[in-house]
Amino acid sequence: MEITSGGRRFTYGSRSGLLFIRVGSGPDNDIVLDGDAAVSSLHAKIECFMGQWRVTDQMSDSGTRLNGEAVYSADLKASDVLQMGGSTLRIVSLTDTMPPSTAPTPKAAPKAAAPASLPPSPADRPVQPPSLPRPFVPQAQPVAASSRPAGKKGNPWGGLITLGFIGLVVLLVCLPVIIEELSSSTPDEIWVTDEAPEIPVGPETVRPEPGAPRAKPSATSKRLTSQEEQAVRARLRTLTDRSNKESWESRLEALDALVKELEGRDHALGYLLESTRLSLANSLAIELSRRSNQDQSDIFDLASQENFREAIARLTSLKAFLEENPYRLALADRAGLKDYLERTPGDLAARNEAFIGRQFLAVDGALALDDFKKAAPALEKLARDAHIDEEIRNLMQLELQSILKLQEKQTAGEWPPARAPFNKRKWKLPAAPKSSLLPDGDSSQYRFINPLRDKLVKAARAGEMKGAQTLVYGCEAILESGDGWRVTLKVSRALKREDGSLKLYAYTLTEQPSNLPAATVVRLYEQIPNASRAEFLGALCYCFDNGLMEDAPRLALKLWKSDESVKADLDALLAAKLSIEVPEGGFVERDGRLVPP
């Protein structure tokens with residue numbers, strides 16, 4: 001296919017044997033159209049069934065058009081043009097050619113000549129008969145010109161009788177020679193081709209190279225009798241019989257067992273055996289395609305709904321099903337499912353870990369405000385949909401029960417009502433005076449806050465902040481790394497057992513600093529390596545801007561230690577934010593904080 005999407009052009013060619021192609025803007029598709037906002041995450045599937053390619057729209061937002069006409073599902077042919085959003089996919093070719101064999105062609109025995117060319121398709125694979133000596137045919141003597149009078153027609157039956165007599169003579173002369181040649185022919189004189197599609201149907205299946213002659217059997221081999229060949233044909237018919245209730249895998253196993261039985265025996269069943277194998281393998285491939293397509297669609301939907309517990313369980317079940325039988329595994333590898341099974345577990349695990357971090361952040365944020373009405377459903381979804389250890393899930397259920405009891409007390413008025421989160425616009429502190437620290441007062445504070453946030457992320461990305469300690473709603477956390485504009489924290493959260501003891505559960509929290517609790521971020525700001533006076537001032541302004549009045553005195557002391565010349569302006573700033581007069585002699589150091597005397 002030639003594809004135009006989001007201002008770029010590229011081509012796509014499917015792997016040989018691939019049964020379906022996923023198209024959409026999501027990163028897990030085979031064809032990713034991430035530069036087109038009108039393309040849905042999974043927009044359409046292009047599937048191959050019994051050699052026919054077909055496009056099926058996946059309930060996309062903007063729909064799918066084939067040659068300008070809106071379609072839901074339609075067959076494809078070469079030169080068709082698909083439109084998905086603002087992207088176009090032109091079908092260049094729907095063929096599946098096999099590479100020519102590079103194996104040398106052995107010389108035929110002197111008794112039989114090699115065929116001039118190979119048959120063009122697997123359906124036409126005749127066995128080349130051995131060359132026969134030209135039989136002796138008596139030459140007819142010329143007949144003298146008839147003296148029949150002109151204008152009188154002869155008897156037509158006489159010519160027919162003459163031709164019949166000549167044919168009978170030729171048959172009688174050639175029949176002994178033909179019988180002798182057929183009885184003395186050996187397998188090394190029989191040339192066959194093997195151009196069938198390379199569909200692996202088992203780990204022990206070995207096939208000849210295309211165009212290669214079959215190996216000459218040993219001198220002790222015996223040819224199957226006609227009765228034995230008929231029995232083999234009957235067994236093959238049973239394997240392909242529609243009324244046979246055995247699985248395709250067991251039929252392929254029975255076919256391989258039959259092939260082993262025929263080793264060392266001379267027969268003319270090679271093409272029939274191979275065609276039976278291809279028929280069984282294709283039937284198994286269709287069955288696997290249907291199940292895998294359904295499972296992949298369900299896994300995608302479950303992950304989109306953040307139900308990672310069920311999504312990972314379905315993926316594990318599909319993987320176990322395919323690995324249970326070597327025939328399934330071989331066909332799955334051929335169809336590209338092996339790549340899916342190797343890539344998807346890691347992707348689901350990462351998304352599951354991010355889901356756990358977001359849910360715990362919501363739960364603990366609500367609990368910090370005694371907002372049990374928001375904490376309960378967030379914890380319930382976490383315990384139900386996250387892929388976690390069963391022990392941790394049970395402890396989450398215990399905590400959920402405790403939260404629900406507190407919610408009942410709060411509803412009955414036996415517990416204080418939920419507190420509102422800090423609102424910097426509603427609860428804004430008094431304005432800062434203009435000084436050498438803040439030339440324009442509060443309006444100049446973001447000149448120091450924004451660069452501080454950027455430096456935190458860059459230091460984390462460079463590994464300079466690895467191991468920095470902080471708190472996430474009272475839970476100890478350690479900064480591990482930075483990725484893009486996000487930081488990754490390893491958080492240890494306590495879960496209470498029935499006996500009252502605590503179980504520490506470590507989860508990963510990856511978020512932008514603006515999405516983390518303000519108290520968490522300000523502790524990370526304090527640990528930025530080689531912090532300057534401007535960066536300590538930014539951290540102090542961040543405390544004032546987010547209502548962190550308990551952390552502000554600590555940052556004020558660090559700002560003073562970084563540059564003692566700012567003491568007078570710093571005292572005026574602290575006094576303004578605390579709504580007090582500047583103390584006589586200024587603020588003093590006490591327990592690592594700058595406080596009024």
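The values are calculated or read from the model by the stated rules, or taken from the named source; none is laboratory data. Everything numeric here is computed off the predicted structure, so don't read it as measured data. Every residue, glycine among them, receives a Cβ derived from its backbone with ideal geometry; neighbour counts consider all protein chains shown. In case anyone asks, the SASA skips ligands and DNA or RNA and just uses the protein heavy atoms, side chains included. Shrake-Rupley method; radii C 1.70, N 1.55, O 1.52, S 1.80 Å.
Odds and ends about this structure:
- LYS373 surrounded by fewer than 14 Cβ atoms within 10 Å (Cβ to Cβ), assigned to a helix (DSSP H, G or I) and not aliphatic (A, V, I, L, M): yes
- Positions within region 358-374 being small (Gly, Ala, Ser) and closer than 25 Å to LEU302 by Cβ, in sequence order: ALA362
- Filtered residues of region 522-545 (kept if surrounded by fewer than 20 Cβ atoms within 10 Å (Cβ to Cβ) and under 11 Å from GLN445 (Cβ atoms)): ASP545
- Breaking point among (1) open to solvent by less than 40 Å² (accessible area, probe 1.4 Å); (2) modelled with pLDDT under 95, for TRP427: (1)
Listed here are the residues, each with its yes/no results for (1) assigned to a strand (DSSP E or B); (2) surrounded by 14 or more Cβ atoms within 10 Å (Cβ to Cβ).
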{"position": "ARG15", "(1), (2)": "no, no"}
{"position": "ASP34", "(1), (2)": "no, yes"}
{"position": "ALA37", "(1), (2)": "no, no"}
{"position": "SER41", "(1), (2)": "no, yes"}
{"position": "CYS48", "(1), (2)": "yes, yes"}
{"position": "ARG54", "(1), (2)": "yes, yes"}
{"position": "SER62", "(1), (2)": "no, yes"}
{"position": "ARG65", "(1), (2)": "yes, yes"}
{"position": "LYS77", "(1), (2)": "no, no"}
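- LEU258 surrounded by fewer than 17 Cβ atoms within 10 Å (Cβ to Cβ) and not polar (S, T, N, Q): yes
- In region 471-508, of all residues being open to solvent by less than 40 Å² (accessible area, probe 1.4 Å) and touching a Cys at 6+ places or on another chain (Cβ under 7 Å), the one that is farthest from LEU369 (Cα to Cα) corresponds to VAL491.
- Qualifying residue in region 579-587 (condition: outside any loop (DSSP other than H, G, I, E, B) and in contact with a helix residue (DSSP H, G or I) (Cβ under 9 Å, 6 or more places away or on another chain)): no
- Qualifying residue in region 222-241 (condition: farther than 29 Å from LEU382 by Cα and touching a residue at least 60 places away in the same chain (Cβ under 8 Å)): no
- Helices (runs of 4 or more DSSP H) (entirely within region 245-348) containing at least 1 residues that are under 23 Å from ILE46 (Cα atoms): 270-304, 308-323, 326-334
- Lone qualifier among SER283, SER292, SER250 - being open to solvent by less than 60 Å² (accessible area, probe 1.4 Å), out of contact with any Lys or Arg (no Cβ under 8 Å at 6 or more places or on another chain), without any contact (Cβ under 8 Å) to a residue 12 or more places away in the chain and more than 30 Å from ALA378 (Cβ to Cβ): SER250
- Pairs with Cβ under 7 Å, 6+ apart, first in region 577-591 and under 18 Å from PRO433 (Cα atoms) and of a type in the set (S, T, N, Q), second open to solvent by less than 80 Å² (accessible area, probe 1.4 Å) and not in a strand (DSSP E or B): SER579/PRO430
- First in region 475-504 and assigned to a strand (DSSP E or B), second anywhere and β-branched (Val, Ile, Thr) and open to solvent by 50 Å² or more (accessible area, probe 1.4 Å), Cβ under 7 Å, 6 or more apart: LEU489/ILE478; LYS490/ILE478
- Number of residues in region 320-351 that are among the charged types (D, E, K, R), open to solvent by less than 80 Å² (accessible area, probe 1.4 Å) and within 18 Å of ALA285 (Cα to Cα) equals 3.
- Among residues that are assigned to a helix (DSSP H, G or I) and either touching a strand residue (DSSP E or B) at 6+ places or on another chain (Cβ under 8 Å) or surrounded by 15 or more Cβ atoms within 10 Å (Cβ to Cβ) (or both), GLN230 is not included.
- Residue within region 534-552 that is touching a Phe, Trp or Tyr at 6+ places or on another chain (Cβ under 8 Å), of a type in the set (S, T, N, Q) and farther than 23 Å from PRO430 by Cα present: no
- Looking across region 450-470, just one residue is surrounded by fewer than 16 Cβ atoms within 10 Å (Cβ to Cβ) and under 14 Å from LEU509 (Cα atoms), and that is GLN469.
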